[in-house]
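One structure is given here, and the rest of the page talks about it.
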Amino acid sequence: MELFKYILSYVFNYDLMAVQGWKLWRGLVVTAEIVSLSVPIGFLLAYPISQARMSKNALLSACARGYITFFRGTPLLCQLFLFYYGAGELHADGLMPAALWPFFREAFFICIVSFSINTAAYQAEILRGAIQSVPKGQWEAASALGLHKFAASLRVIWPQALLVAMRPLGNELISMIKASAIASLITVRDLMAEAKDLYKIGYDMSVYITVAVIYLIIVEIIRRVWRWWEGSISKHVAVSRH
């Protein structure tokens, strides 16, 4: 029993959390804001990028390919620093419009921009792969029924493509939740930033263990909810086919 109490005290500092634990909650809210904004924005950007990537226009396709290659092939931290410090450099050199500076001087806004642009590259490839996985015969069948391209895409192609994309999109969401911890490196007061401050109070490693458990719980909840949602969509698509 004493051994269990010792291990528990090392993993979770009740006295510290009783007094300062609310700061972790405050940081968790900021983390949730970052992810809940950047991932949907990234999805909205991903669709036109995926369409450009599949375009028969060589220039458009090459631009989309270059975008995807750069943002998937370079570290997110590097991109974050590039936007954070680059915005200041552009402003100092007079190359940034004055109307944009109030936004780009805010670390939180920079974080949303860099995360959205990064995840858009990954989501664009997910959507491209999902759309291309739908048999060409589906397009031909929709055309035979007299459906225009937009209607065919909305009613025939997208439901099937979305089912294929659901799981990798869920994985991307989870990846962004974990990656959001680097926001603390540009002064954003997220969960990890609050954890760093609590750690400095007594250099107690249990703070980081507690935060790791929080991330683990969040990821597990998201994973289970996403799996349920994927199953619901799968049933809906299956019913609509009959």
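Some points to look at:
- Search result, residues across region 41-54 that are under 9 Å from residue 120 (Cα atoms) and either surrounded by fewer than 15 Cβ atoms within 10 Å (Cβ to Cβ) or out of contact with any Ser or Thr (no Cβ under 6 Å at 6 or more places or on another chain) (or both): 43, 44, 45, 46, 47, 49
- Flag set for residue 232, criterion: surrounded by fewer than 13 Cβ atoms within 10 Å (Cβ to Cβ), of a type in the set (Gly, Ala, Ser) and in a helix (DSSP H, G or I).
- Sole residue being in a helix (DSSP H, G or I) and more than 19 Å from residue 192 (Cα to Cα), chosen from 60, 77: 60
- Test for residue 184: is it out of contact with any Pro (no Cβ under 7 Å at 6 or more places or on another chain) and buried (at least 21 other Cβ atoms within 10 Å of the Cβ): yes
- Tabulated pairs, region 220-234, first under 17 Å from residue 172 (Cβ atoms), second of a type in the set (Lys, Arg) and in a helix (DSSP H, G or I), C-beta under 9 angstrom, 6+ apart or interchain: 226/167; 227/167; 230/167
- Candidate set: region 16-36, residues that are buried (at least 16 other Cβ atoms within 10 Å of the Cβ), modelled with pLDDT of 95 or more and not small (Gly, Ala, Ser); chosen: the one farthest from residue 119 (Cα to Cα): 28
- Residue among 82, 90 that alone is under 24 Å from residue 174 (Cα atoms) and not acidic (Asp, Glu): 82
- Checking residue 55 against (1) modelled with pLDDT of 80 or more; (2) in a helix (DSSP H, G or I); (3) of a type in the set (Ser, Thr, Tyr), the condition it does not meet: (2)
- The set of residues in region 55-83 being surrounded by 15 or more Cβ atoms within 10 Å (Cβ to Cβ), of a type outside the set (A, V, I, L, M) and closer than 16 Å to residue 112 by Cα consists of 71, 79, 81, 83.
- Tally of residues being farther than 21 Å from residue 19 by Cβ and in contact (Cβ under 8 Å) with a residue 40 or more places away in the chain across region 184-219: 6
- Among residues of region 86-138, those that are part of a helix (DSSP H, G or I) and either exposed (fewer than 13 other Cβ atoms within 10 Å of the Cβ) or in contact (Cβ under 8 Å) with a residue 40 or more places away in the chain (or both), counted: 27
The values are calculated or read from the model by the stated rules, or taken from the named source; none is laboratory data. This one's a predicted model, so the numbers in the text were calculated from it and none came from an experiment. Quick reminder, even Gly has a Cβ in these numbers, built from the backbone with ideal geometry, and neighbours come from all protein chains shown.
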